[in-house]
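**Q** This is the structure, below, for whatever I ask next.
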Amino acid sequence: MGSTGDVGKDIEFLINLVVNGKVEELPASVCLMDYLEGLAIRTDYLAVGYNGEVIEKEEFANIELQDGDVLEIVRPVGGG
């Protein structure tokens, strides 16, 4: 048997978010802007609810997503 000194050394820490009602798992904490860019979502015409509060676009880069956070991402839909 191997040494127990290395137990957990290779474990990635995961965080769980609820995004538009679905659980999303991320490998680590990330800022909201990076998360949105990773989804290839343009932030020009976008509203984001963060733990029940609507967030100004200027704050996206300042919000560090944490385990258990709840996001609602709303984009306008064209139609006629």
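The values are calculated or read from the model by the stated rules, or taken from the named source; none is laboratory data. Note that this is a predicted model, so its numbers are computed, not measured. Glycine gets a Cβ as well: all are built from the backbone with ideal geometry, and neighbour counts include every protein chain shown. Note: accessible area is taken over every heavy atom of the protein model, side chains too, but ligands, DNA and RNA are not part of it. Shrake-Rupley method; radii C 1.70, N 1.55, O 1.52, S 1.80 Å.
**Q** Name the residue, out of LEU71, LEU36, that is modelled with pLDDT of 85 or more, open to solvent by less than 40 Å² (accessible area, probe 1.4 Å) and not in a strand (DSSP E or B).
**A** LEU36 is the lone residue from the list that is modelled with pLDDT of 85 or more, open to solvent by less than 40 Å² (accessible area, probe 1.4 Å) and not in a strand (DSSP E or B).
**Q** Now a separate question. Can you say whether VAL54 is modelled with pLDDT of 95 or more, surrounded by 13 or more Cβ atoms within 10 Å (Cβ to Cβ) and either under 14 Å from VAL74 (Cα atoms) or not hydrophobic (A, V, I, L, M, F, W, C) (or both), as far as the supplied structure shows?
**A** Criteria not met by VAL54.
**Q** Quick one: THR43 ticks every box in (1) modelled with pLDDT under 90; (2) loosely packed, with under 13 Cβ neighbours inside 10 Å except a single one, so which number is it?
**A** Tallying (1) modelled with pLDDT under 90; (2) loosely packed, with under 13 Cβ neighbours inside 10 Å, THR43 fails exactly one: (2).
**Q** So for region 3-14 (the condition being at pLDDT below 95, in contact with a strand residue (DSSP E or B) (Cβ under 7 Å, 6 or more places away or on another chain) and surrounded by 12 or more Cβ atoms within 10 Å (Cβ to Cβ)), does at least one residue qualify?
**A** Checked against the condition, which is being at pLDDT below 95, in contact with a strand residue (DSSP E or B) (Cβ under 7 Å, 6 or more places away or on another chain) and surrounded by 12 or more Cβ atoms within 10 Å (Cβ to Cβ), region 3-14 yields no hits at all.
**Q** Let me ask something else about it. Filter region 19-33 down to the residues that are under 8 Å from the mean Cα position of the chain (by Cα) and β-branched (Val, Ile, Thr), then identify the one that is surrounded by the most Cβ atoms within 10 Å (Cβ to Cβ).
**A** If we take residues in region 19-33 being under 8 Å from the mean Cα position of the chain (by Cα) and β-branched (Val, Ile, Thr), then VAL30 is surrounded by the most Cβ atoms within 10 Å (Cβ to Cβ).
**Q** In region 40-59, which residues are in contact with a strand residue (DSSP E or B) (Cβ under 8 Å, 6 or more places away or on another chain) and in a loop (DSSP other than H, G, I, E, B)?
**A** Hits for region 40-59 are ILE41, LEU46, ASN51, GLY52.
**Q** Within the bounds of region 60-68, is there any residue that is charged (D, E, K, R), in contact with a strand residue (DSSP E or B) (Cβ under 6 Å, 6 or more places away or on another chain), open to solvent by 40 Å² or more (accessible area, probe 1.4 Å) and touching a residue at least 12 places away in the same chain (Cβ under 8 Å)?
**A** Applying the first criterion (charged (D, E, K, R)) to region 60-68 yields 64, 67.
Cutting the leftovers down to in contact with a strand residue (DSSP E or B) (Cβ under 6 Å, 6 or more places away or on another chain) gives us 64, 67.
When the remaining residues are screened for being open to solvent by 40 Å² or more (accessible area, probe 1.4 Å), the result is 64, 67.
Filter once more, so that each one left must be touching a residue at least 12 places away in the same chain (Cβ under 8 Å): 64, 67.
Yes: one or more hits.
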